[in-house]
Amino acid sequence: MAGLSVRRGGSPKARSLVARAVVVGAVGLLAVAGAVMVNSSANAAASTLGAAAAQSGRYFGAAINAGKLSNSTYTTIAAREFNMATPENEMKLDATEPSQNNFTFGSGDTVFNWATGRGMRVRGHTLVWHSQLPGWMQSLSGSTNTLNAMKNHITKVMQHYQGHIYAWDVVNEALNEDGSRRGSVWQNQIGNSYIDQAFQTARAADSSAKLCYNDYNIENWNYAKTQGAYNMVRDMKQRGIPIDCVGFQSHFNPNSPVPSSFQTTLSNFASLGVDVALTELDIEGASATSYGNVTRACLAVPRCVGITVWGVRDIDSWRASANPLLFDGNGNKKPAYQAVLDALNGASPTNPPTTPPTTGPTNPPGSGQLVGRASNRCVDITGFNTANGTPLQLWDCTGGWNQRWSYTNAALVNPQSGKCLNVSGTANGTRVTLSSCTGATAQQWQFRANGNVANVQSGRCLDAVGQGTANGTALQIYDCVAAGQANQQWTLR
């Protein structure tokens, strides 16, 4: 277990020396509080972080270290407070593939089994990174050899946990402070395409997991690295690379304080059609004000899906001397804990949409025929076939059972077959089919005010192929047109 004590992401000293002009969040984020609606009095305040976050459809998690699971104080707090777990070091490259094609999952499985056995979901961390590489990876040479090794690592690790990981940090810390690509064995041997290849390989390995880019020092909207990350993600989305989320590590200290533009940063990334999350939050000194403001910044952005703190107690932190977490070394709650809990309990109960936020009603309940506004034809199960994978199409509305849908728990369910409107991928052009209902985000849909019906997993919209209106026109998911487009507009009636 000695190797698992190495903290990810470079030295604290190196990070603290990053020079950038930011305004302390205690001043600039005060306006965030007004952006979060007060919870209904009908909902009792939750008493733990995970339960409070769940009221607004979010999660509150922690990095979990396998070596600490024998400590009862540690496990009592972790099991009580959190509903998402990130293995601290146990799923990194040196831990999972110490020698080429020799995979070891013992430590990762320890954290995974502990967390899922207590009802938590798990974030996978991390698949492609420049640090904590086994020696054989550091010595890789040749673009083909290196690319094959990277693809094999992603595939084998993801397949081991296939269908059971909420999200993977596919690529971690790929940028320099000026926003350019960081030198690494992956960048140096494969070139700029390695990030695209990593995400494409990850999607092929597990279509159910959200695929994330994760980095530090990208919280300040005016910082060069933030702009570099934003431009990279925007370009990936425009080219159809399957990226679903961006993780903001959020390691704050006096030299890198909470920026006044943090909420703006989260909102701007979310507008690209990705989820955003605080993935490794810690704040030197654990200011209650800063913790509260950071939490409210997330709550103010509908696509901010959750927060993870990097450790449980101060003594478990990679920055232990900075006392940066919500529990002190003895496991006592600090003032920052109450600030976070109060902020979470103050959020309005809603499921954060995974499409760009819009105004007006969303997620209408009810049932009926799902009718295209351009065609005035119905979403139809081809040939009255109830088999998984049956494609959906446009067809004249007949009132038949194969055209009827119930909107339940964000899923569109055909009552006769008991099966759901489903997509098996996230790329533009992925066909919409019928499949057994699993509750996965691939089967969840958001109704938007402009008539769009957006798929939660991909952020893309239900779309009639080629803007077609004729009987038999196939249905797919495709990038949502901002102003609304008739072949992407639907009415449940």
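The values are calculated or read from the model by the stated rules, or taken from the named source; none is laboratory data. Keep in mind that what you see is a predicted model, and the values were worked out from it rather than measured. Heads up, the Cβs are rebuilt from the backbone with ideal geometry, glycines too, and the neighbour counts pull from every protein chain shown. Ligands, DNA and RNA are excluded from the accessible area calculation, which covers all protein heavy atoms including side chains. Shrake-Rupley method; radii C 1.70, N 1.55, O 1.52, S 1.80 Å.
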Odd one out for ASN388, checked against (1) in a loop (DSSP other than H, G, I, E, B); (2) at pLDDT below 90; (3) more than 15 Å from GLY451 (Cβ to Cβ):
(2)
(1) farther than 26 Å from VAL276 by Cα; (2) not in a helix (DSSP H, G or I) all hold for ASP94 apart from (2)
Flagged in the range 302-323 as more than 23 Å from VAL122 (Cβ to Cβ) and either in a loop (DSSP other than H, G, I, E, B) or in contact with a helix residue (DSSP H, G or I) (Cβ under 7 Å, 6 or more places away or on another chain) (or both), in numbering order, are PRO302, ASP314, ARG319, ALA320, ASN323
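For the subset of the range 330-352 comprising residues that are over 12 Å from PHE60 (Cβ atoms) and of a type in the set (Ser, Thr, Tyr), which member is modelled with the highest pLDDT?
SER348
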Tell me, please, whether a residue that is outside any loop (DSSP other than H, G, I, E, B) and modelled with pLDDT of 95 or more can be found in the range 31-45.
no
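Hey, could you check the range 412-431 for residues that are free of Cβ contacts under 8 Å to residues at least 40 places away in the same chain and of a type in the set (A, V, I, L, M, F, W, C) and say which is surrounded by the most Cβ atoms within 10 Å (Cβ to Cβ)? Please lay out each step first, then the result.
Taking the range 412-431 as the starting set, the residues that turn out to be free of Cβ contacts under 8 Å to residues at least 40 places away in the same chain are 413-414, 416-420, 422.
Next, from what is left, pick out any that are of a type in the set (A, V, I, L, M, F, W, C): 413, 420.
On the way: VAL413: 19, CYS420: 23.
Only one residue fits best here, namely CYS420.
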Inspect all residues belonging to the range 437-453 and state whether any of them is at pLDDT 90 or above and assigned to a strand (DSSP E or B).
no
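Every residue, every condition in (1) under 21 Å from ASP206 (Cβ atoms); (2) open to solvent by 30 Å² or more (accessible area, probe 1.4 Å), yes or no:
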residue	(1), (2)
ILE77	no, no
ARG121	yes, yes
HIS125	yes, no
HIS130	no, yes
ASN152	yes, yes
Please state which of the following conditions LEU93 fails to meet, knowing it meets all the rest: (1) closer than 22 Å to ILE154 by Cα; (2) of a type outside the set (Asp, Glu); (3) more than 18 Å from the chain's Cα centre (by Cα); (4) buried (at least 24 other Cβ atoms within 10 Å of the Cβ).
(4)
Which members of the range 253-269 meet the condition of being within 14 Å of ARG296 (Cβ to Cβ) and aromatic (Phe, Trp, Tyr)?
PHE262
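Residues ALA454, ALA464, ALA442: which one is within 20 Å of SER271 (Cβ to Cβ), open to solvent by less than 20 Å² (accessible area, probe 1.4 Å), in contact with a strand residue (DSSP E or B) (Cβ under 8 Å, 6 or more places away or on another chain) and of a type in the set (Gly, Ala, Ser)?
It is ALA454.
For the range 107-136, what are the residues that are touching a helix residue (DSSP H, G or I) at 6+ places or on another chain (Cβ under 6 Å) and either of a type in the set (A, V, I, L, M, F, W, C) or in a helix (DSSP H, G or I) (or both)?
Once the filter is applied, which keeps residues that are touching a helix residue (DSSP H, G or I) at 6+ places or on another chain (Cβ under 6 Å) and either of a type in the set (A, V, I, L, M, F, W, C) or in a helix (DSSP H, G or I) (or both), the range 107-136 yields SER107, THR110, VAL111, VAL122, LEU127, VAL128, LEU133.
Suppose we filter HIS160, HIS164 for residues that are modelled with pLDDT under 95 and either closer than 28 Å to GLY228 by Cα or out of contact with any Pro (no Cβ under 8 Å at 6 or more places or on another chain) (or both); which single one remains? Don't jump to the end; show me each part of the working.
On the way: HIS160 fails: modelled with pLDDT under 95.
Just one listed residue meets the conditions, HIS164.
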Does LEU140 satisfy the condition of being under 12 Å from GLN100 (Cβ atoms), buried (at least 19 other Cβ atoms within 10 Å of the Cβ) and not aromatic (Phe, Trp, Tyr)?
yes
Can you say whether ALA322 is surrounded by fewer than 24 Cβ atoms within 10 Å (Cβ to Cβ) and touching a residue at least 60 places away in the same chain (Cβ under 8 Å), as far as the supplied structure shows?
yes
Working only within the range 392-411, note down all residues that are open to solvent by 10 Å² or more (accessible area, probe 1.4 Å) and within 32 Å of the chain's Cα centre (by Cα).
GLN393, ARG404, SER406, TYR407, THR408, ASN409, ALA410, ALA411
